[in-house]
Structures are given as C-alpha cells and as structure tokens.
1. Looking only at the range 129-151, which residues are among the hydrophobic types (A, V, I, L, M, F, W, C) and assigned to a helix (DSSP H, G or I)?
2. Can we say residue 37 is open to solvent by less than 30 Å² (accessible area, probe 1.4 Å) and either modelled with pLDDT of 95 or more or in a strand (DSSP E or B) (or both)?
3. What about residue 22, is it surrounded by 18 or more Cβ atoms within 10 Å (Cβ to Cβ), at pLDDT 95 or above, not hydrophobic (A, V, I, L, M, F, W, C) and not in a strand (DSSP E or B)?
4. Kindly indicate the residue of the range 92-111 that is free of Cβ contacts under 8 Å to residues at least 40 places away in the same chain and under 18 Å from residue 158 (Cβ atoms) and also surrounded by the most Cβ atoms within 10 Å (Cβ to Cβ) among those meeting that condition.
5. Kindly list, by first and then second residue, each pair from a residue in the range 51-80 that is crowded, with 18+ Cβ neighbours inside 10 Å to a residue that is in a loop (DSSP other than H, G, I, E, B) and charged (D, E, K, R), limited to pairs with Cβ atoms under 7 Å and residues at least 6 apart or on different chains.
6. Taking only the range 112-128 into account, find how many residues are in a helix (DSSP H, G or I) and either farther than 14 Å from residue 87 by Cα or among the charged types (D, E, K, R) (or both).
Amino acid sequence: MGVREITVRINGKTYAGRAEVRKTLADFIREDCGLTGTHLGCEHGVCGACTILMNGDAVRSCLLFAVQAEGADLMTVEGLADGDQLHPIQQAYWDHHALQCGFCTPGFLMTTQAFLREHPHPTEREIREALAGNLCRCTGYQNIVKAVRSTAHEMRRARAP
C-alpha cells in the first residue's frame, strides 16, 4: 500500500506526517495529530460525529482520505475555544443543555460553526435542516436548536455597533 507525506494546518498549527493512501482524514487527525475531539461514529458519513471544517466548509472526515487534505486548512472542535474561554457556540450548548453524553457534540458544534457563518439570521426551520445530517441518540434536538438560535442572536449582538 502506498504511503505519502502530507502537511495540513489544523487549528492554526501545521502538522506533517506520513499516511497510507487509504487512511481516513479522521484517523489521521486522531492518531497522527493527537486531536481526539473528532469522533468516529458510523464511519459512513451518516451520523456527523466526525464533522470538521476543511477550508471553511463542513466535511465528514471519515469520508475523506488524509492525502486528500494535503495543504488544507482544517478546524476541529479543539480549535473553537480560546484557552479556557468557550466559543459562543460551546457556551450556548452548555447553557441550553444541548448535550448529553457528548459523543455527537463535536460534530454538531462544527456544523453549527459553518452554518452560522453562512446564515447569521436563521429561522428554526433552517436550523433544523442544517442539523439534519447530525444524529444524537440522547437528546430530543429541541435544546440543540435553542442553542443554535441563541448563538446566532449572541453573535449578531456582538457584531452590532
């Protein structure tokens, strides 16, 4: 099996390594880069637990090979917080009890990050549609929707003059 050298930027830091051409990006992030916040659920792209941002777009890292990310700018859940200061999305999920076991949470957070960048004034329907690709077995989704709506409001308020 072929092995390739790859270099990616993850959360502002450069990572270089060797990866078999069949190694998934999710596995490279977790195993080679030591960033274990990206979770693997179904490994078929259905559950959304492995969602990260690649060049600003939400992607399923279990469906990409690490070599496909050569030169890419990636963001994982570890890149949201600023030290001990939670990102507004993380704070809203906490405040609105939008997490239970936490397994799916990184994927929801990263999906929310990408969605709100594109939709700063989302309707509830748009929020539900945006999150439809992420599965949670613990919650009824209602609090997740509340958290996203609250985050959108807070982020708009923070930008207001």
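The values are calculated or read from the model by the stated rules, or taken from the named source; none is laboratory data. If you're wondering where the values come from, they're calculated on a predicted model, not measured in any experiment. Glycine gets a Cβ as well: all are built from the backbone with ideal geometry, and neighbour counts include every protein chain shown. The area values use the complete protein model at the heavy-atom level, side chains included, leaving out ligands, DNA and RNA. Shrake-Rupley method; radii C 1.70, N 1.55, O 1.52, S 1.80 Å.
1. So in the range 129-151, the residues among the hydrophobic types (A, V, I, L, M, F, W, C) come out as 130-132, 135-136, 138, 144-145, 147-148.
Once the filter is applied, which keeps residues that are among the hydrophobic types (A, V, I, L, M, F, W, C) and assigned to a helix (DSSP H, G or I), the range 129-151 yields 130, 131, 144, 145, 147, 148.
2. Working: open to solvent by less than 30 Å² (accessible area, probe 1.4 Å): yes; either modelled with pLDDT of 95 or more or in a strand (DSSP E or B) (or both): yes.
Yes, satisfied.
3. Numbers: surrounded by 18 or more Cβ atoms within 10 Å (Cβ to Cβ): no; at pLDDT 95 or above: yes; not hydrophobic (A, V, I, L, M, F, W, C): yes; not in a strand (DSSP E or B): yes.
So residue 22 does not fit the description; no.
4. Initial filter on the range 92-111 (free of Cβ contacts under 8 Å to residues at least 40 places away in the same chain): 94, 100-102, 105, 109.
Filter once more, keeping what is under 18 Å from residue 158 (Cβ atoms): 94, 109.
Numbers: 94: 12, 109: 25.
Looking at residues that are free of Cβ contacts under 8 Å to residues at least 40 places away in the same chain and under 18 Å from residue 158 (Cβ atoms), I get 109.
5. Qualifying pairs under 7 Å: 62/43; 65/22; 65/23; 66/23.
6. Quick first cut of the range 112-128, residues in a helix (DSSP H, G or I) only: 112-118, 124-128.
If we keep only those that are either farther than 14 Å from residue 87 by Cα or among the charged types (D, E, K, R) (or both) as well, we get 115, 117-118, 124-128.
Final tally of qualifying residues: 8.
A quick yes/no check of all residues on (1) surrounded by 20 or more Cβ atoms within 10 Å (Cβ to Cβ); (2) within 22 Å of residue 26 (Cβ to Cβ):
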{"position": "113", "(1), (2)": "yes, yes"}
{"position": "116", "(1), (2)": "yes, no"}
{"position": "120", "(1), (2)": "no, no"}
{"position": "141", "(1), (2)": "no, no"}
